[in-house]
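Q: The structure follows.
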Amino acid sequence: MENLDLQKLNSAQVLPVKDTEGAVLVIAGAGSGKTRVLTHRIAYLVSELNVDPSSILAITFTNKAADEMKTRLYDMIGDLGGMWVCTIHSMCVKILRSAITSIGFEKNFSIYSEDDKDRVLKRIIQEMNLEPEKFLKLAKNMISNAKNDDLSPREFKEEYIQYPNVGIISEIYFKYEEELKKSNALDFDDLLIKTLHLLSEDDEVLDYYAHKFKYVHIDEFQDTNTVQYKIAKLLTSHYKNIFVVGDDDQSIYGWRGAKISNILGFEKDFLGAKVYKLEQNYRSTKNILTCANLIIKNNGNRKNKNLWTENDVGEKVEYYLGFEESDEASHVAMKIKKAINNGQKASDFAILMRVNALSRAFEQELLKYNIPYRVFGGFKFFDRKEIKDLTAYLRIIANPLDNEAVLRVINVPRRGIGEKTVETIINQATIDETSVFDVIMSPDNLPLSGSAISRLKSFKELLYSLILASADMPVVDLVKKVINDTGFLTQFEEDTEENVDKRMNISELVNSADEFCKINVGATLSDYLGSITLSSDTDDLNAGNFVTIATVHAVKGLEFDTVFVVGMDETIFPISRAVNSVEELEEERRLMYVAITRAEKKLYITRARSRYLYGNRNITAESRFIKEIKPLLQCNEQPNSVYDRQQYGSQNRYSNNNEYGYYADEPSPSRSTGGVKSFASGYNFNGANRPKFTNSQSGKFKSGMKVKHARFGEGTVIAVKNDGKIVDVAFQGVGIKSLATEIAPLEIL
């Protein structure tokens, strides 16, 4: 066990540690050691002031953070002696288990998971003769928002009286609450709201806990919602000793109920509160912090502070502009591969994005160069449900005997084919010893109602028409036809954040097929499906050493040696819906601030001149956040010149890179210097200087040569470009891949 040593803290950190009485707010900038301050403060209370550990409450927002805090405290003070160090939900469960009977529930209440919640809501919606596909997600989200704002069904209806379908949603909410009560169950939101009601309505319970916890500590205070804030005020109503740590500049969860006003208005609610600022950063270089400060100062609704560090100046923040998303991803992958070849670990790197729909291009490029990666805080692109559903249609077209694919989409999008009908089909297929597809092709023979048979016939005709159309249709056009003919996008019409992500993912699948067809002229649907299967294979990734691919939301609290903030196009980052709202735009800027401050030593910012989204390739605009820090950036930005994608297209895209091919758009020896209008919109690009190569393999590769790739297996070189620095290799079952010979894991056979 270590002794408490305040000399390990800087002077700004020591002040709040020793200020133990009353309300204290610590505004802790990114990387400023807030957890160290919080744990030392608790240890100081116990070791120096002899406070009973059981009278101390420390609230965090993740189980991992709670466990880390307990470990640190044990190292400093030994046995925690009944101290509560937990998430706020865990704290609420403890309180409710002890006293929930006073508000009409039994102590052995069940806690419903999200799946349990879905099933209850679905049953209620069906009993109301409503369509679950229209109301389930809407009701679920609205009920959760209502509970986070402490609104009953009646209060919710009054508050949102102008909202479409508010009467229906409030009735679903009312029936849902009734069902929970009958089942003696609470959902995740109830753990908070019922604790608030218990403390508000039962004076005896409030008196007990307000006296029990003499000192209350709350971490990540900027992430608290209305209910959590009210609970904190009640628990500190007797001693009024509340110590909160947070950073208003890292408040990024407004979309799920967090109220930045809780931290900004703390001194008004707790009169006489002392405020301390931690501005010394221990994580990042001076150049990275300068960018972070320059970004965040453009927000008006914040507490003024300026991060500084004694760390090195560090390298300049680099900005790269690719022609399109594949160039952007290739640039990032090559930077990482070169660094790994020079001794860095894959785990030193993070690729951060605003929306996870952008991950596909980066996954494929990392795969190409055998770089281990993990998608953090989300599914791998081809493992996402909407992508699996769409590719299931493609699997049926390629192989109608694929029972799993047929069963997966028989009611996706919902077409009224229920579980009993599916069971009948499966049973008949078993009896006839045939495929599910064959049974569906003869629906009149099934013991089903006329309406069920009619719906099956519609599904049969859909599949039959898609299979017929596939005979002479390019893969990318077939993907578009599946999306259109199935009405696939109707599932995601409501403009929620989740649906926006799903629509972007679907658009990205079309882009994936488009890229595959350009690189692999004459490729079949089976070839494309084979490439998808390979991209989804992660069995050989090193569990402890991988590049992190994540949304910015998913990595808050983490740090990496090198960070790539990608997709920095206006309407992506910041997201399009935020541009007309000052409040939402400021949250987007805080999100950018969080992204920048994840980087310790090196930061890259990237974007693409054109991007495929929502079914079209469009010219993009530079994010306003880039404009705000442009003077600080080392820009690898291409001015305009003619670029012929139709003639040189995707097969050359991997050489258009400032380190591993021709930077920007300087014509290569294999290009015509005359130039032709781009296929996208006629946009123009200019060039820059061609970099020098030191690749030991340059010149070794020849057309027709057999090679082996660590991931793709054996293949044949079909083209050698740029003096051997780029090769196109045809891999069986995978297609043609353009590879930079300096870093690609290629072996000459």
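The values are calculated or read from the model by the stated rules, or taken from the named source; none is laboratory data. Every value quoted in this text rests on a predicted model; they were computed, and no experiment measured them. For neighbour counting, all protein chains shown are included, and Cβ atoms are generated from backbone atoms with ideal geometry for every residue, glycine included. The accessibility values were calculated without ligands, DNA or RNA, using every heavy atom of the protein model including side chains. Shrake-Rupley method; radii C 1.70, N 1.55, O 1.52, S 1.80 Å.
Q: Within the range 202-246, can you find the residues that are closer than 21 Å to residue 82 by Cα, in a helix (DSSP H, G or I) and among the acidic types (Asp, Glu)?
A: Once the filter is applied, which keeps residues that are closer than 21 Å to residue 82 by Cα, in a helix (DSSP H, G or I) and among the acidic types (Asp, Glu), the range 202-246 yields only 207.
Each row is one residue, and each column tells you yes or no for (1) more than 19 Å from residue 249 (Cα to Cα); (2) among the charged types (D, E, K, R).
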{"position": "546", "(1), (2)": "yes, no"}
{"position": "553", "(1), (2)": "no, no"}
{"position": "574", "(1), (2)": "no, no"}
{"position": "580", "(1), (2)": "yes, no"}
{"position": "619", "(1), (2)": "yes, no"}
{"position": "622", "(1), (2)": "yes, yes"}
{"position": "631", "(1), (2)": "yes, no"}
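Q: Among the residues that make up the range 567-585, is at least one of them small (Gly, Ala, Ser), more than 14 Å from the chain's Cα centre (by Cα) and open to solvent by less than 10 Å² (accessible area, probe 1.4 Å)?
A: Scanning the range 567-585 turns up at least one residue that is small (Gly, Ala, Ser), more than 14 Å from the chain's Cα centre (by Cα) and open to solvent by less than 10 Å² (accessible area, probe 1.4 Å).
Q: Identify, please: which residue in the range 312-334 is out of contact with any strand residue (DSSP E or B) (no Cβ under 7 Å at 6 or more places or on another chain) and open to solvent by 20 Å² or more (accessible area, probe 1.4 Å) and is, among those, nearest to residue 632 (Cα to Cα)?
A: Among those residues, the one meeting the criterion is 313.
Okay, residues lined up against (1) aliphatic (A, V, I, L, M); (2) more than 30 Å from residue 295 (Cβ to Cβ); (3) in contact with a helix residue (DSSP H, G or I) (Cβ under 8 Å, 6 or more places away or on another chain); (4) surrounded by 17 or more Cβ atoms within 10 Å (Cβ to Cβ):
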site: 150; (1), (2), (3), (4): no, yes, yes, no
site: 162; (1), (2), (3), (4): no, yes, no, no
site: 167; (1), (2), (3), (4): no, yes, yes, no
site: 170; (1), (2), (3), (4): no, yes, yes, yes
site: 176; (1), (2), (3), (4): no, yes, yes, yes
site: 228; (1), (2), (3), (4): no, no, yes, yes
site: 241; (1), (2), (3), (4): no, yes, no, yes
site: 251; (1), (2), (3), (4): no, no, yes, yes
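Q: Could you figure out which of (1) within 23 Å of residue 278 (Cβ to Cβ); (2) touching a Ser or Thr at 6+ places or on another chain (Cβ under 6 Å) isn't true of residue 82?
A: Against the list (1) within 23 Å of residue 278 (Cβ to Cβ); (2) touching a Ser or Thr at 6+ places or on another chain (Cβ under 6 Å), residue 82 comes up short only on (1).
Q: Based on this model, can you work out whether residue 463 counts as within 34 Å of the chain's Cα centre (by Cα) and either within 21 Å of residue 425 (Cα to Cα) or at pLDDT 95 or above (or both)?
A: yes
Q: Ok, one more. Return the residues of the range 161-180 that are within 13 Å of residue 142 (Cβ to Cβ) and polar (S, T, N, Q); say none if nothing qualifies.
A: Result: 165, 170.
Q: For the range 55-71: of the residues being touching a strand residue (DSSP E or B) at 6+ places or on another chain (Cβ under 8 Å) and among the hydroxyl-bearing types (Ser, Thr, Tyr), which is surrounded by the most Cβ atoms within 10 Å (Cβ to Cβ)?
A: Selected residue: 60.
Q: Given 435, 465, which one is in contact (Cβ under 8 Å) with a residue 24 or more places away in the chain and of a type in the set (Gly, Ala, Ser)?
A: It is 435.
Q: Any idea which of 26, 93 is at pLDDT 95 or above and under 33 Å from the mean Cα position of the chain (by Cα)?
A: Of 26, 93, the one residue that is at pLDDT 95 or above and under 33 Å from the mean Cα position of the chain (by Cα) is 26.
Q: Kindly list, by first and then second residue, each pair from a residue in the range 728-744 that is closer than 12 Å to residue 714 by Cα to a residue that is open to solvent by 20 Å² or more (accessible area, probe 1.4 Å) and hydroxyl-bearing (Ser, Thr, Tyr), limited to pairs with Cβ atoms under 6 Å and residues at least 6 apart or on different chains.
A: 730/716
Q: Follow-up. For the range 257-272, which residues satisfy the criterion of being open to solvent by less than 20 Å² (accessible area, probe 1.4 Å), in a loop (DSSP other than H, G, I, E, B) and under 15 Å from residue 240 (Cβ atoms)?
A: none
Q: Anything in the range 191-226 that is surrounded by 22 or more Cβ atoms within 10 Å (Cβ to Cβ) and either more than 38 Å from the chain's Cα centre (by Cα) or of a type in the set (S, T, N, Q) (or both)? List them, or say none.
A: The answer is 195, 222, 224, 225.
Q: Return the pair list, or none, for Cβ contacts closer than 6 Å from residues in the range 86-100 that are within 20 Å of residue 202 (Cα to Cα) and open to solvent by less than 10 Å² (accessible area, probe 1.4 Å) to residues that are part of a helix (DSSP H, G or I) and of a type in the set (A, V, I, L, M), at least 6 apart or on different chains.
A: Pairs found: 92/191; 92/192.
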